[in-house]
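To start, the structure under review is shown below, and the notes come after it.
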Amino acid sequence: MDTFNRIFIIGLLLVWAFIWAAIAAIAFLFPLEAITAVRNFLAVMEGNATLYIRVMVGLLGVIFVIISLLLLVVELTPSEPKAVQLDQVSGGVAWLTTDAVVQRVKYDAEQLPFVLAAKPRVTPRGRSVDILVELTLGADSEPTASTQEAYRIIREAVETKMGVKLGRLQARVHQEVPRKGTSRPTTEISSVKQANIAVPPADTTPQPTTPPNPAPTEERK
């Protein structure tokens with residue numbers, strides 16, 4: 001229903017824009033003829049203001065009001081959340097909302113160290129779902145291998161953990177560009193180097209000590 005409303009409103013806007021564009025073009029190119037045509041139309045309406053014309057105009061107004069109210073009601077009525085049927089449930093029928101699938105895919109994909117952000121879009125297809133996920137990768141990651149690993153994690157999350165059949169899986173990959181003048185931190189490298197340095201133990205062997213020389217004394221005369 002949301003798609004129908006969107007198409008209907010877009011169509012009305014296009015028709016409305018075309019009508020006003022045509023009126024503006026005629027008034028700009030043929031101003032005298034346009035004024036004469038409007039004057040003649042008003043004269044005809046004034047001379048034939050019969051009950052039949054008034055009823056037709058009133059019916060057209062009522063029809064437009066009813067259509068507008070119906071569209072408003074349909075638009076304001078809360079729709080049921082989209083869901084997919086679970087196949088592995090016995091003894092009844094169970095449905096899983098697509099929001100739950102979205103949250104699961106987002107969580108599992110963002111656990112990968114090279115995925116900075118994941119924005120999945122899930123479309124139910126009866127007993128399966130199609131997933132389009134936008135992945136933002138780090139600047140140091142390799143797009144092909146990273147996307148392949150993300151596919152594996154997403155398929156495992158949907159089919160194994162949630163029990164939902166996965167149909168088409170697509171990804172739009174974005175990768176961060178490293179900024180100029182930035183360097184990678186060397187904290188981990190420094191700690192590794194320090195860990196590999198062997199410090200010799202302190203020498204605890206007692207060293208021989210020599211008594212201090214006595215101070216010379218003066219001889220008595």
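Only the coordinates and a few stated rules stand behind these numbers; no lab work does. Quantities reported herein were computed from a predicted structural model and do not represent experimental measurements. Virtual Cβ from ideal backbone geometry, glycine too; neighbours counted across all protein chains shown.
Summary table
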item: Net +/- balance of residues flanking D108 in space, Cβ distance below 9 Å, scoring K and R +1, D and E -1; result: +1
item: Simple label model, 7 Å out from Cα along Cβ direction - R39 to Y107, nm; result: 7.5 nm
item: Cβ-based exposure ranking for T160, T98, in which fewest neighbours within 10 Å come first; result: T160, T98
item: Net charge of Cβ neighbours under 13 Å - reference R168; Lys, Arg +1; Asp, Glu -1; result: +3
item: Virtual spin-label span in nm between L70 and Y52, 7 Å along Cα→Cβ; result: 2.8 nm
item: Simple label model, 7 Å out from Cα along Cβ direction - E142 to R155, nm; result: 1.9 nm
item: Which of K106, K119, K161 has the fewest Cβ neighbours within 10 Å, and the rest in rising order; result: K161, K119, K106
item: Within region 106-145: backbone nitrogen closer than 17 Å to the R168 label point (7 Å, Cα to C-beta); result: 120-134
item: At R0 = 35 Å, FRET efficiency that the Cβ-Cβ distance of A24 and K119 yields, to 0.05; result: 0.25
item: Calculated from backbone phi, Karplus (6.51, -1.76, 1.60) coupling profile of region 17-23 in Hz, x at Gly/Pro; result: 5, 5, 4, 5, 5, 5, 4
item: Net charge of neighbours whose Cβ lies under 13 Å from the Cβ of S141, counting Lys and Arg as +1 and Asp and Glu as -1; result: -4
item: Neighbour-count order for L137, L132, fewest beta carbons within 10 angstrom listed first; result: L132, L137
